[in-house]
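The values are calculated or read from the model by the stated rules, or taken from the named source; none is laboratory data. Not measured: the values here are computed from a predicted model. Using ideal geometry, Cβ is built from the backbone for each residue, glycine included, and neighbour counts are taken over all protein chains shown.
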Amino acid sequence: MNRRISKRQIGLLTAIFATAVLVVVLPAGLARQIPAFLLLWIWPALTWALWLPGRSSERFVIAAGLVLLANGFWVLLVSFLPGVVPSWLIMIGILVGAVTPLVMSMLSAGQDRLQRKESPGALILLSAVLLLALLLRLPNLGYKELQGDEGMIMARAAAVLTGDETELFIHQKGPAEILLPVGTWAMTGLIEDFWIRLPFTWAGLLAVLAIYWLARSWFSHRVGLIAALLFAIGGFGIAFSRIVQYQNLVILWGALALLTATRYRRTSKSLDLVLSAVFLSGGLLAHYDAILFAPAVAWILLGSEFDKGMINLRGWIAALITGLLMLAIFYIPYLLSPSFNSTLNYLVGIRLGLGSGEAQLGWGGGPAWQMSTFYNSTWYVLGLLLLGAVGLFKLARQKSQFAAVLYFAVPTLFYILLVRDPRTHVYVIFPGATILAGLGAIEIWDSVQRAGNRGIISLSIVISAIWLVISLLYPILMFVDVTPERQRNWATSRPLPTLYLTTWQVPPKFGLFGFPHQAGWRVAMDVIGQDGLPYASNEEEEITNWYMAQSPRTHCPDFQTFLVSADAQDSIPYNQKWLKETHLQNRILVNGQPSIEIFGRESVGTVEEIEAVGRGLWLGPADLLPTLPAGMQPVGVTVGESIRLAGFDLNSKEAFPGGNLVITLYWEALAPIEQNNQVFVHLFDGELYAQHDGSPECDINPTTRWEPGQIISDTHIVELPDDMPIGSIPLLVGMYDLLSGERLTIKGADDNALYLSDVVIGER
């Protein structure tokens, strides 16, 4: 056995178990983050790279992508077990996965795998591209607060960790973006924004390396370098490396499916065929967008069998069983779950618009262009189109590598010709576009060199350098530099408007992810404290639920404090008259500028100002669990088939003629709800004295938005008439279908109106 290899194996084995010990013995939170990251993503990638065949960086990117997928899939399997997800079981699976390739490499002849090294020059250039990609993705990664989608993902991750795997099925997309945070959170106990995003940053960096190797395997090292460079400076890849979402997983696993398929065509090894199926299935476990890469994968694999004139039956059976089994483990329970209909309605009715009066199928070129030239400079996109056209022309002339055409054309045709509003889903166009552009760039350069004109060569170098610098500066200003936040302040702070021209005046309004924004929510809960609850805000709940750790929130005027964000990510309407009866108590600053104003019921002498930048917030899964208040009066009655009334709170301090009665109902959704149900609250003893009917949470949260397991705090303020009789009056509640008016069934309740309590109406 090669002695140097043995030393590597021993060193990695030592590192793996030493890191595992650190994860166990160090306190939860910051101290565990680096050991957990190494144990989850780095050490296993290095051990699998020792065993896989190929050149060093090619082996590594395949291994690292496989580890991201395998560890996430292990978390999926563990999450299906009943009860709280055991962190020790996740760690055992990670350790087994990391050690297994070491054992296999010890038992097999590994010399041919290790002798295929990179040339020093190629490795230096590739390292420079990867370093640039890292510098565009890592700085200020923790500055940005979670967006609504990220907050929702982390709430689902917390639910999965605490034993509710059904959260995976109500997510309306693949589970991968939830599973990666679950793995990290299970190992570290506490987590914070920077560390939540780091695995996705890692995936984004690996995607650059995967694009390099895919372009290199199809064309050449030079094409690979240019393609990787162009992808590294692309806005979509940078943005999605700074957010907890699926996009870079789709790009990475899609590129690796194509790379391993190309390896199979070259080597005919069944391992590469199986890996291609695994990576394509992994992409589909991240998002349905990955299906757009399937035609290119199929073209390569079927073309390989056609070229050989025979079918590798055993390899195909193994690949199909493995890939389909991976998909079946998640998607069969998903298809059988009550949540699937809502997902189907979302995809068909909302994303494609087939269920609406005006179908969304149609030309999406305008929105796609606007989104592409907002995430990137117009010059970058124009250059990519020009170079890509040259690359396509070269392929058409040579009639070769049709898979590269499919890699670009299928996503392009789908999202530009078929989907009227593609939003950021156009990101799937850019991996193929950068490879074609890399091919076009090398073709132009070779033509210029063959011409032999030094002036033209020098001019080409200057033009290329200027274009690259202009293309690079734009994402630096938009994503890396956070002062000012240019996306949030486009009208006054757009980057160099005389240089970065656009064909549109107003940026896209919806579907913007990854741009830096901080409002100061990390310090908000510390500022208001328990005495400031329940709170209200104009920011969406998916954000505030994370930063306020599921503290009681209301959308009604019964709040103790109201937090007004000057630049809410997704603003919630509220009655501004409510603030006239409050007093400004605190002001949260971001970079010295007012961002959140906090209003309370009592006047204060001096408004305290708190700077939020630089502050962190560490949370555990239990902090994100929806909870019922300790003083709640329990009920536990099912309303209809999908809703349970868990309990209620009653505030009768002003229960006198001309006053009001405040009742808070605590609902729990048991299953997805397809119709809008109204809540009624009646004071009724044969005669209706007072009532309040309306959609839950003061008309903000209709029942169609409720998710299984969610606790809804629903406040109703019943205005009491001046001629209200004195004495005890029964309080009845229930629900009815908004369209039909039919009340939902409540077993044992007369007229489906549930008696809760007698309310004593006193004198003023």
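A Cβ distance below 9 Å, combined with a sequence gap of six or more or placement on separate chains, defines the contacts here; from the stretch 599-618, residues that are touching a residue at least 12 places away in the same chain (Cβ under 8 Å) reach residues that are among the acidic types (D, E) and surrounded by 13 or more Cβ atoms within 10 Å (Cβ to Cβ) in the pairs V607/E597; G616/E192; G616/D193; L617/E192; L617/D193; W618/E192. When the stretch 574-590 is filtered for residues that are surrounded by fewer than 14 Cβ atoms within 10 Å (Cβ to Cβ) and in contact (Cβ under 8 Å) with a residue 40 or more places away in the chain, nothing remains.
In the stretch 504-539, how many residues are part of a loop (DSSP other than H, G, I, E, B) and either within 25 Å of the chain's Cα centre (by Cα) or under 18 Å from P629 (Cα atoms) (or both)?
Residues of the stretch 504-539 part of a loop (DSSP other than H, G, I, E, B): 504-520, 529, 533-534, 538.
Going one step further and asking which of them are either within 25 Å of the chain's Cα centre (by Cα) or under 18 Å from P629 (Cα atoms) (or both), we end up with 507-520, 529, 533-534, 538.
Qualifying residue count for the region: 18.
Only one entry in T166, T201 is part of a helix (DSSP H, G or I), closer than 25 Å to G234 by Cβ and among the β-branched types (V, I, T), namely T201. Looking at the stretch 495-525 only, could you name the residues that are exposed (fewer than 12 other Cβ atoms within 10 Å of the Cβ) and closer than 18 Å to N140 by Cα? Matches in the stretch 495-525: none.
Out of S740, S713, S695, report the one residue that is among the hydroxyl-bearing types (S, T, Y), surrounded by 16 or more Cβ atoms within 10 Å (Cβ to Cβ) and more than 24 Å from K653 (Cβ to Cβ). Even if it seems obvious, please write down each step before you answer.
Values: S740 fails: surrounded by 16 or more Cβ atoms within 10 Å (Cβ to Cβ); S713 fails: more than 24 Å from K653 (Cβ to Cβ).
Only one candidate qualifies: S695.
So that you can scan it fast, the table gives a plain yes or no per residue for (1) at pLDDT 95 or above; (2) touching a Lys or Arg at 6+ places or on another chain (Cβ under 9 Å); (3) surrounded by 24 or more Cβ atoms within 10 Å (Cβ to Cβ):
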position	(1), (2), (3)
E165	no, no, no
L180	yes, no, yes
L190	yes, yes, no
L206	yes, no, yes
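For the stretch 461-488, name all the residues that are touching a helix residue (DSSP H, G or I) at 6+ places or on another chain (Cβ under 6 Å) and at pLDDT 95 or above.
Narrowing the stretch 461-488 to residues touching a helix residue (DSSP H, G or I) at 6+ places or on another chain (Cβ under 6 Å): 467, 470-471, 475, 479, 484, 486.
If the condition is that a residue be touching a helix residue (DSSP H, G or I) at 6+ places or on another chain (Cβ under 6 Å) and at pLDDT 95 or above, then W467, I470, S471, P475, F479, R486 are the ones that fit.
Each row is one residue, and each column tells you yes or no for (1) in a helix (DSSP H, G or I); (2) within 15 Å of A186 (Cβ to Cβ); (3) without any contact (Cβ under 8 Å) to a residue 40 or more places away in the chain; (4) assigned by TED's automatic domain parsing to the domain that holds T267.
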| site | (1), (2), (3), (4) |
| --- | --- |
| T47 | yes, no, no, yes |
| L50 | yes, no, no, yes |
| S57 | yes, no, no, yes |
| V61 | yes, no, no, yes |
| L66 | yes, no, no, yes |
| P82 | no, no, no, yes |
| L95 | yes, yes, no, yes |
| M104 | yes, no, no, yes |
| I124 | yes, no, yes, yes |
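Among the residues of the stretch 668-692 satisfying the criterion of being over 39 Å from the mean Cα position of the chain (by Cα) and among the small types (G, A, S), which is surrounded by the fewest Cβ atoms within 10 Å (Cβ to Cβ)? Filtering the stretch 668-692 for residues that are over 39 Å from the mean Cα position of the chain (by Cα) and among the small types (G, A, S), the one surrounded by the fewest Cβ atoms within 10 Å (Cβ to Cβ) comes out as G686. Determine which single condition F648 fails, assuming it passes every other condition in (1) loosely packed, with under 14 Cβ neighbours inside 10 Å; (2) in a strand (DSSP E or B); (3) touching a residue at least 24 places away in the same chain (Cβ under 8 Å). With (1) loosely packed, with under 14 Cβ neighbours inside 10 Å; (2) in a strand (DSSP E or B); (3) touching a residue at least 24 places away in the same chain (Cβ under 8 Å) applied to F648, the lone miss is (1). Counting only residues that are among the small types (G, A, S) and surrounded by 15 or more Cβ atoms within 10 Å (Cβ to Cβ), the stretch 599-635 holds 3 of them. Only one of the numbered conditions (1) in contact with a Phe, Trp or Tyr (Cβ under 7 Å, 6 or more places away or on another chain); (2) at pLDDT 95 or above is not met by G600, and that is (1).
Could you say whether any residue in the stretch 496-516 is in contact (Cβ under 8 Å) with a residue 60 or more places away in the chain, over 30 Å from L386 (Cα atoms) and not hydrophobic (A, V, I, L, M, F, W, C)? Among the residues of the stretch 496-516, at least one is in contact (Cβ under 8 Å) with a residue 60 or more places away in the chain, over 30 Å from L386 (Cα atoms) and not hydrophobic (A, V, I, L, M, F, W, C), which makes the answer yes.
The single condition among (1) under 30 Å from N677 (Cα atoms); (2) surrounded by 17 or more Cβ atoms within 10 Å (Cβ to Cβ) that I596 does not satisfy is (1).
With respect to L225, determine if the residue is in the same structural domain as G29 (by TED's automatic domain parsing), surrounded by fewer than 24 Cβ atoms within 10 Å (Cβ to Cβ) and in a helix (DSSP H, G or I).
In short, yes.
Residues of the stretch 647-685 that are of a type in the set (F, W, Y) and under 19 Å from T703 (Cβ atoms): F648, Y666, W667, F680. Restricted to the stretch 658-677, and to residues there that are in a strand (DSSP E or B) and touching a residue at least 60 places away in the same chain (Cβ under 8 Å), the residue that is nearest to G647 (Cα to Cα) is L665.
When only residues in the stretch 30-53 that are touching a helix residue (DSSP H, G or I) at 6+ places or on another chain (Cβ under 7 Å) and among the small types (G, A, S) count, which is modelled with the lowest pLDDT? My answer is A49.
For (1) modelled with pLDDT of 95 or more; (2) surrounded by 20 or more Cβ atoms within 10 Å (Cβ to Cβ); (3) β-branched (V, I, T), each residue gets a yes or a no:
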residue: G234; (1), (2), (3): yes, yes, no
residue: I238; (1), (2), (3): yes, yes, yes
residue: R242; (1), (2), (3): yes, yes, no
residue: L256; (1), (2), (3): yes, yes, no
residue: L280; (1), (2), (3): yes, yes, no
residue: V297; (1), (2), (3): yes, yes, yes
residue: L302; (1), (2), (3): no, no, no
residue: L313; (1), (2), (3): no, no, no
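Residues that are among the aliphatic types (A, V, I, L, M) and more than 17 Å from F656 (Cβ to Cβ) were ranked within the stretch 744-762; the one that is farthest from the chain's Cα centre (by Cα) is A749. Among all residues of the stretch 540-551, there is none that is out of contact with any Pro (no Cβ under 6 Å at 6 or more places or on another chain), under 20 Å from E145 (Cα atoms) and part of a strand (DSSP E or B).
Taken over the stretch 526-547, the residue count meeting the criterion of being touching a Phe, Trp or Tyr at 6+ places or on another chain (Cβ under 8 Å), free of Cβ contacts under 8 Å to residues at least 40 places away in the same chain and surrounded by fewer than 21 Cβ atoms within 10 Å (Cβ to Cβ) is 1. Residues of the stretch 49-65 include none that is surrounded by fewer than 19 Cβ atoms within 10 Å (Cβ to Cβ), more than 25 Å from L209 (Cα to Cα) and polar (S, T, N, Q). Of the residues that make up the stretch 702-724, is at least one in contact (Cβ under 8 Å) with a residue 60 or more places away in the chain, within 14 Å of D558 (Cβ to Cβ) and of a type in the set (D, E)? Looking through the stretch 702-724, none of the residues is in contact (Cβ under 8 Å) with a residue 60 or more places away in the chain, within 14 Å of D558 (Cβ to Cβ) and of a type in the set (D, E).
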